[in-house]
Each structure stands twice: as structure tokens, then as C-alpha cells.
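The values are calculated or read from the model by the stated rules, or taken from the named source; none is laboratory data. What you see is a predicted model, and the numbers here were worked out from it, not measured in a lab. Here the Cβ is made from the backbone with ideal geometry for all residues, glycine too, and neighbour counts use every protein chain on show.
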Amino acid sequence: MQEPISTPSKLLGLGPHLQAMMTSSLSLSTTPPLRNSLSQRRHELHLRGVTSYTSLSLCSLIPALQLMENDVVVVVGPLPSGIAHVISHVVNELHVPLLSFGATDPTLSALQYPYFVRTTQNNYLQMYAIVDFVDYYRSTKVIAIYVDDDNGRNGVSVLGDAMSRKRAKISYKAVFPPGATESDISDLLNEVNLVESRVYVLHVNPDHGLAIFSIAKRLRMMDSGYV
């Protein structure tokens with residue numbers, strides 16, 4: 001039986017909510033039924049990032065970028081698409097794979113970023129599936145609510161293309177900045193509530209999504225008559 005290699009391989013986790021998940025995954029990977037050649041190497045987990053998506057920025061990841069130069073074998077993170085674009089350039093140069101289950105921007109392609117591995121569906125599949133739901137309920141107009149960043153704009157662009165194929169359209173685009181406060185979101189929802197359509201497509205990160213649903217509930221926008 002091969003002896004475990006003494007030098008640990010470094011796994012870098014980027015972004016919020018990763019500690020419990022990755023620690024559990026590493027523990028599971030070393031159990032006897034799942035042991036394989038990779039489990040003969042000791043894994044050393046390094047977590048970098050912040051507590052929320054809204055505060056995640058390139059500046060906050062500088063220590064992580066420095067760490068990547070020192071024997072990191074894989075980078076894992078639910079990175080926003082904008083940050084994932086930047087990190088993908090770095091991992092291409094270092095020949096280190098980046099596994100992301102949060103970057104859905106379709107412009108992040110394996111052709112351009114061969115070391116980027118997407119482990120979730122991209123915006124094309126998500127938006128076309130949403131439009132199928134909209135079409136099922138015979139709606140021809142929707143309001144798109146999204147963050148004003150690359151991922152938000154690209155996602156809503158795909159949504160518009162998908163809607164046009166069903167002879168439908170985005171009747172109103174409600175956009176807010178990445179650092180929007182609850183007051184900003186409340187004002188935006190009051191604004192869209194005056195628009196004729198009652199079908200909303202929300203394309204935001206998890207932090208904003210929770211805030212929007214909470215405020216929408218207070219404004220009674222989750223009652224009967226809204227979708």
C-alpha cells in the first residue's frame with residue numbers, strides 16, 4: 001500500500017459559506033469506501049474571501065491570489081461571474097483549475113478559459129427554462145429585476161432573446177447597483193409595482209435575492225396576482 005505523501009496539496013476556497021461544506025467534503029473523500037489515489041495525499045484547505053457576495057471584490061481576494069502561487073492544486077468558489085472572469089485569467093497562467101458553482105455568465109467559456117470548470121447551469125439554460133414557465137402561464141410580458149454588473153446584464157440579454165422566440169418581451173427592466181441598500185431595493189420595488197405586468201424575473205446573487213424577497217413580502221408583492 002502506498003504511503004501517504006507528506007507534503008499536503010493545497011485547496012483554495014474563495015467566497016462565503018464554504019468552510020463547513022469543503023471541510024465536510026474533504027472528510028468524506030478520505031473515508032474507506034471513497035478512498036482513491038488522490039486520498040493518499042494529505043489535503044490542506046485554505047479559505048479566503050468574505051461573509052457575503054455583496055462585499056466580495058477583487059481587492060478582498062488579493063491575499064488569495066498571492067497564495068495561489070504556492071502549490072495550490074485547485075481553486076473552488078461560488079464566485080460572482082465578474083470576479084470569476086478575473087480569477088480565470090490567473091488560473092490560466094498558473095495552470096490551476098477553478099471549479100465554480102456560482103458563475104453562470106455564458107461568456108465564461110471553456111474555449112477562452114480552459115482551466116475554468118463550471119459546475120452549474122449557465123444563464124442560457126436557466127433563462128430558457130424560465131421563459132418556458134412564463135409561456136406555460138400564457139404571459140407575454142415580464143419585468144426583469146437584476147444587478148447592474150456583467151452577469152446581470154448578460155443574463156437579462158439572454159432572457160430577452162428567449163422571450164422574443166416565444167413572441168413575448170421584457171416590458172420593463174429594473175436595475176440596481178451591486179451595493180444597493182434595503183432602501184434602494186424598496187424604492188425599486190415600489191417603482192416596478194406601478195408597471196402593468198405582474199410577472200417578475202429576478203436575476204441577482206443570493207444575498208440580494210433574500211433581501212428582495214423579504215422587502216417584497218412586506219410590500220405584499222407576494223400575494224395572489226403576482227408571479
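Listing for the model above:
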| read-out | value |
| --- | --- |
| Pick from segment 87-144, criterion among the small types (G, A, S) and crowded, with 20+ Cβ neighbours inside 10 Å, ranking: modelled with the highest pLDDT | A144 |
| Among (1) touching a Pro at 6+ places or on another chain (Cβ under 6 Å); (2) surrounded by fewer than 19 Cβ atoms within 10 Å (Cβ to Cβ); (3) touching a residue at least 60 places away in the same chain (Cβ under 8 Å) - the single one V147 does not satisfy | (2) |
| Selection within segment 179-217 - under 25 Å from Y137 (Cβ atoms), free of Cβ contacts under 8 Å to residues at least 40 places away in the same chain and charged (D, E, K, R) | E191, R198, K217 |
| Leading residue by the ranking (surrounded by the most Cβ atoms within 10 Å (Cβ to Cβ)) among those in segment 161-176 that are assigned to a strand (DSSP E or B) and hydrophobic (A, V, I, L, M, F, W, C) | F176 |
| In segment 66-84, residue surrounded by the most Cβ atoms within 10 Å (Cβ to Cβ) [restricted to those that are part of a helix (DSSP H, G or I) and at pLDDT 70 or above] | A84 |
